[in-house]
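Student: One structure, as structure tokens, below. Some questions next.
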Amino acid sequence: MLTTTVVAREQACTRWDRYVLSHPGGSGYHLMAWRRVMEDAFGHATFYLMVTDEDQAVHGVLPLVFLSSRLFGRLLVSMPYVNYGGLLADTVEAQDALLKAAVDLAKQQGAAHIELRQSEVLGLGWPSKQHKVSMRLELPKRFETLWEGFPPKLRSQVRRARKAGMVVRSGGVDLLDDFYRLLARNMRDLGTPVHARGVFETFLKTLPDETRICLVSMAGQPMAAGFLYGFREVLEIPWAAADRRHKELSANMLLYSAALEFGCGAGYRVFDFGRSTPGSGTYHFKQQWGAKPFPLYWYYWLSNGGALPEISPQNPKFRLAIEVWKRLPITITQIVGPAIVRNIP
């Protein structure tokens, strides 16, 4: 007989992390460390559901984050802001127990929907989206092998940045201010609110061995930066930004080349460029490095049975707000943006 419980935050619950690490579909975002990030950095309530048998052996887990705002409503997501998360289970019975508990929780919290971000197909009757893909590149042991396979134009762009005098540094909190200034400007230019600086500081301090910042600068001026997160054999770049005022110098190309070189040297076997819409500009940018698309499956439970939610910049109803945001001073977006984006999963 299986029992589903909500794991309290104060519980160390090493069984949870052991299960995630033993499951082939487990990601770093499933681990308890990300619960602390979601609660401490964003201030969200979390509900971590775990299924066990009579011997207390774990057969499934589902981390859920509760987002609530007047603008976007009340929703449960696994996991917001990132590409992965969702449900892990050994059996259909354990999966069904977790889904039932999640729906009961959604009804208790008055959530309009549940969103599960899965990297594999789940056999359930929930509606789903397959509008995004994860762009991944297999890494060789030697970066030189990768470099030799890059298109000539790409190699030329990387060399251009180096000839301009750009240098690459890697670090943590010491590089956070430079990274954040670049990110804030880039997000403003895209018309998208930016997370608070403290969010990334929490990432770096909570996960010091798994996270780092890669910074490209020229004559002491930050030109491009990426936030790297490593788990198992995969190195991911969830956030990256470059100063578009100097686009012709190709700082972003040197950034990605340096990140890939670090990944090879550190022993990672896969570089995850993040998610993209097939055929989009970011899709082709990642594709030129040799990245291949892997489908993502986002499943939904809807309280009213209506249309699937569309909380994204592609939604036409946000078009005017995006254009207005692009014209705001960066300092204003840094003050106002975090309160908005914390409720956009």
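The values are calculated or read from the model by the stated rules, or taken from the named source; none is laboratory data. Small disclaimer: the values here were computed from a predicted structure and weren't measured. Here the Cβ positions follow ideal geometry from the backbone for every residue, glycine too, while neighbour counts run over all protein chains shown. These area figures cover heavy atoms from the full protein model, side chains too; ligands, DNA and RNA do not enter into them. Shrake-Rupley method; radii C 1.70, N 1.55, O 1.52, S 1.80 Å.
Student: Hey, quick one: spin label on THR14, modelled 7 Å out along Cα-Cβ, who in the stretch 49-64 has an amide N within reach, i.e. under 17 Å?
Tutor: Under cut-off, by backbone N: 56-58.
Student: Report the FRET efficiency, 1/(1 + (r/R0)^6), for ASP96 and ALA219, where r is their Cβ-Cβ distance and R0 is 41 Å, rounded to 0.05.
Tutor: 0.10
Student: A further question on this structure: Evaluate the relative contact order of the stretch 110-233 (contact order divided by residue number), counting alpha-carbon pairs under 8 angstrom at least 6 apart; express in whole percent. Write out the running numbers ahead of the final one.
Tutor: Details: 92 pairs, mean separation 28.6, N = 124.
Computed value for the stretch 110-233: 23 percent relative contact order.
Student: Along each of its three principal axes, how wide is the spread of alpha-carbon positions in the chain, in whole angstrom units, largest first?
Tutor: Here the Cα extents, ordered largest to smallest, are 65, 46, 37 Å.
Student: Hey, another quick one. Between the helical axis of 330-341 and the dominant principal axis of the chain, each derived from Cα atoms, what acute angle in degrees is found, rounded to the nearest 10?
Tutor: In the chain, helix 330-341 runs at an angle near 20 degrees to the longest axis.
Student: Given LYS205/LYS286; LYS129/LYS292; LYS153/LYS326; LYS107/LYS132, which pairs have Cα atoms separated by over 21 Å?
Tutor: Details: LYS205/LYS286 29 Å; LYS129/LYS292 19 Å; LYS153/LYS326 31 Å; LYS107/LYS132 28 Å.
With Cα atoms farther than 21 Å apart: LYS205/LYS286; LYS153/LYS326; LYS107/LYS132.
Student: Please work out the Kirkwood hydrodynamic radius for the stretch 123-215, using every pair of different C-alpha atoms, and report it in angstroms with one decimal place. Let's see the in-between values first.
Tutor: Details: mean 1/r = 0.0583 Å⁻¹.
In the stretch 123-215 this quantity evaluates to 17.2 Å.
Student: Compute, for THR282, the solvent-accessible surface of its heavy atoms (probe 1.4 Å) with the complete set of protein chains present, and express it in square angstrom to the nearest 10.
Tutor: My reading of the accessible area for THR282 is about 80 Å².
Student: Using the beta-carbon distance between LEU2 and ARG244 and R0 = 41 Å, what value does 1/(1 + (r/R0)^6) give for FRET efficiency, to the nearest 0.05? Mind showing how you got there, number by number?
Tutor: Values: r = 53 Å, r/R0 = 1.28.
The computed FRET efficiency comes out at 0.20.
Student: Taking the Cα atoms only, what angle lies between the long axis of helix 251-265 and the longest principal axis of the chain, rounded to 10 degrees?
Tutor: Helix 251-265 and the main axis of the chain meet at about 60 degrees.
Student: Cross-link partners among aspartates and glutamates for LYS141, C-alpha distance below 14 Å, same-chain residues fewer than 8 apart left out?
Tutor: GLU233, GLU261
Student: Nearest 10 degrees, 0 to 90: what angle lies between the long axis of helix 197-206 and the longest principal axis of the chain (Cα atoms)?
Tutor: 70 degrees
Student: Taking only protein heavy atoms into account and a 1.4 Å probe, give the accessible area per residue of the chain in Å². Don't skip to the answer; put the middle values down first.
Tutor: Details: 15890 Å² over 345 residues.
It amounts to 46 Å² per residue over the chain.
Student: Which stretch or stretches of the stretch 287-310 have amide N atoms under 17 Å from the point lying 7 Å from GLN130's Cα along the Cα→Cβ direction?
Tutor: Within reach of a label on GLN130, which here means backbone N under 17 Å from a point 7 Å along Cα→Cβ, the stretch 287-310 contributes 293-300.
Student: Related question: Which whole-number percent gives the relative contact order of the chain, counting Cα pairs below 8 Å spaced six or more residues apart? Before the final figure, lay out the partial values.
Tutor: On the way: 639 pairs, mean separation 74.7, N = 345.
This gives 22 percent for the chain.
Student: Here is a follow-up. State the extension gain, in nm to one decimal, for the chain segment bounded by HIS23 and LYS205, taking 0.36 nm per residue of separation less the distance between their alpha-carbons.
Tutor: Details: separation 182, 0.36 × 182 = 65.52 nm, distance 2.60 nm.
Taking 0.36 nm per residue and subtracting the Cα distance, the gain is 62.9 nm.
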